Amino acid sequence: MGNDAFVHISKKSCSKKMVEKLLGMMDYKKYGEIFYCGNDEEYKYYSGIKVWQCDESENEVVYRVRTQASASGYDIQKQNDTIRCLKKYCMGYFESDVGKNRYFEIGRLVKGAESGCYFAIQNLDNSFSLLCHSLSQYPEDQEGERGILELAGIPTPSIFNANVYLAYLCSVIEEYFRSTYISLLKYSEKKEKILNMKFSPYDMVDISERRKNVEEVYARTLSFQNIGKVTSNFKALNSKLDISKPLKEPYHRRKESLYDQINRIFERRHGMIHRMEIDISYSAKELEKDIKDVKVALKRVYLYICNQYNWKAEEIII
């Protein structure tokens, strides 16, 4: 699924070298045979735009200009601009998914912290899919094996697997909070005060060579593996931002809040990583439930942040 346009360019009107030069002028970078544009620091592009030669005949060359179905308004705008430029300067024509010489409809143009916070949660879709798929592929314990190992206090393969995968779930949670924090920090009024610190020589090299930005380097000095510290990090950024609030609201009439559940997930992970503790009562079914509830928790935080900043919340698919 995606948005495709095929630009037909006559060899008499424009050479391949000219096409590549035009793409370079439009900030595309070449990776093998594919030109890509989408890496920016304003959170404008979500899927990015890809261009590559897909067909060639004696008289013409055809270039495919593609964005994913999840493309942002800026992705589509850039895709249209690319098609328009190739059509105009290469004397060509194009066929898109919406018709011959017809451009795609551009959605909302959102950038900055608002889109950064959306990207932070939507980018988790592949991580959750990988986790759930991997978990579904692992066979259930055999009945006889389970009984013997449980009597000996030894985790079964399924239980061991659930404990290990839980660590990955914690990484997903941590990545969400850190990425959201970085998005807000980049546009925070407190940015100058918060970043008033000395960075290590290694960090300075990463910043200088643009492997990392300043906000990312700083965020790496903070802990996002403890829900209490996560809450404190966001409050230091904005005193009115209390992300524990949506997590402590009632959920399915149960006694344990989502806030306490995430704290329990982190603590179980810490026990395994730092003390080699395997919880023999933690099964794959419990992990599946935790994954489902974590999705709800992160969506709640995203919606809460949107409400606090008066942003229009985007649809979340994770």
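The values are calculated or read from the model by the stated rules, or taken from the named source; none is laboratory data. Everything numeric here is computed off the predicted structure, so don't read it as measured data. Every residue, glycine among them, receives a Cβ derived from its backbone with ideal geometry; neighbour counts consider all protein chains shown. In case anyone asks, the SASA skips ligands and DNA or RNA and just uses the protein heavy atoms, side chains included. Shrake-Rupley method; radii C 1.70, N 1.55, O 1.52, S 1.80 Å.
Once you put a point 7 Å from the Cα of Met276 and another 7 Å from the Cα of Ser136, both along the Cβ direction, what distance in nm separates them?
Label at Met276, label at Ser136, 3.5 nm between them.
Of all accessible surface on the chain at a 1.4 Å probe, what whole percent is carbon and sulfur?
Accessible surface attributable to carbon and sulfur in the chain totals 49 percent.
Round to a whole angstrom and tell me the spacing of the C-alpha centers of segment 166-183 and segment 74-112.
Segment 166-183 and segment 74-112 have Cα centres separated by 34 Å.
Under 16 Å from a point 7 Å along the Cα-to-Cβ line of Glu267: which residues of segment 280-296 have their amide N that close?
Within reach of a label on Glu267: 280-282.
Treating only the Cβ of Lys, Arg, Asp and Glu as charged (+1, +1, -1, -1), what charge dipole size does the chain show about its Cα centre? Round to the nearest 20 debye.
That gives the chain a dipole magnitude of about 1220 debye.
Return, ordered by residue number, the residues of segment 171-195 whose backbone nitrogen is under 18 Å from a label point located 7 Å along Cα→Cβ of Glu42.
So the set is 183-188.
Residues with beta-carbon under 15 Å from that of Lys240, excluding Lys240: net charge, scoring Lys, Arg +1 and Asp, Glu -1?
Here the charged neighbours net out to +1.
Relative to the longest principal axis of the C-alpha atoms of the chain, give the angle of the C-alpha long axis of helix 125-137, reported between 0 and 90° and rounded to the nearest 10°.
60 degrees
State the extension gain, in nm to one decimal, for the chain segment bounded by Glu288 and Lys212, taking 0.36 nm per residue of separation less the distance between their alpha-carbons.
24.0 nm is the gain from fully extending Glu288 to Lys212.
In nm, give the distance between the simple-model label positions of Ala167 and Tyr202, each being 7 Å from the Cα along the Cα-to-Cβ direction.
Going by the 7 Å Cα→Cβ label model, 2.0 nm.
Assign unit charges at the C-beta atoms only (+1 for Lys and Arg, -1 for Asp and Glu), then state the dipole size of segment 196-318 relative to its Cα centre in Debye, rounded to the nearest 20.
My answer is approximately 320 debye.
Distance check, please: which entries in Lys193/Lys299; Lys50/Lys292; Lys44/Lys100; Lys21/Lys50; Lys29/Lys100 exceed 23 angstrom between their Cα atoms?
Lys193/Lys299; Lys50/Lys292; Lys44/Lys100; Lys29/Lys100
Sort 270-277, 213-220 for me by packing, meaning the mean count of neighbouring Cβ atoms within 10 Å per residue, highest on top.
213-220, 270-277
Quick one: angle between helix 284-308 and the longest Cα principal axis of the chain, in degrees between 0 and 90, rounded to 10, please.
Helix 284-308 and the main axis of the chain meet at about 60 degrees.
Per residue, how much accessible area does the chain have with a 1.4 Å probe, in Å²?
Spelled out: the 1.4 Å probe surface of the chain, per residue, equals 56 Å².
Give me the distance between the Cα centres of segment 240-299 and segment 11-56, rounded to whole Å.
Computed from Cα coordinates, the inter-centre distance equals 43 Å.
Let me check I've understood the local charge: for Glu175, count other residues with C-beta under 13 angstrom from its C-beta, Lys and Arg +1, Asp and Glu -1. What total comes out?
-1
Among the listed pairs Lys191/Lys295; Lys190/Lys235; Lys111/Lys248, which have their C-alpha atoms separated by more than 21 angstrom in this model?
Lys191/Lys295; Lys111/Lys248
With 20 Å bins from zero, work out the P(r) of the chain over every alpha carbon pair and list the percent per bin.
Pairs per bin, as whole percents: 26, 46, 25, 3.
Which one of Gly73, Tyr93, Gly2 has its Cα pushed farthest toward the positive end of the charge dipole of segment 1-103, where Lys and Arg give +1 and Asp and Glu give -1 at the Cβ?
My answer, from the dipole projection, is Tyr93.
At 0.36 nm per residue, and after removing the present C-alpha to C-alpha distance, how many nm does the segment from Asp260 to Leu222 gain when stretched out fully?
11.6 nm
Evaluate the charge dipole of segment 56-138 about its Cα centre and quote only its size in Debye, nearest 20, assuming +1 on the Cβ of each Lys and Arg and -1 on the Cβ of each Asp and Glu.
Here the size comes out at about 280 debye.
Summing Lys, Arg as +1 and Asp, Glu as -1, what charge do residues with Cβ under 14 Å from the Cβ of Asp27 carry, Asp27 excluded?
Within the 14 Å Cβ shell, the charges total 0.
How much length, in nm to one decimal, is gained on full extension between Gln68 and Arg102, taken as 0.36 nm per residue of separation minus their Cα-Cα distance?
The Gln68-Arg102 span can extend by a further 10.5 nm.
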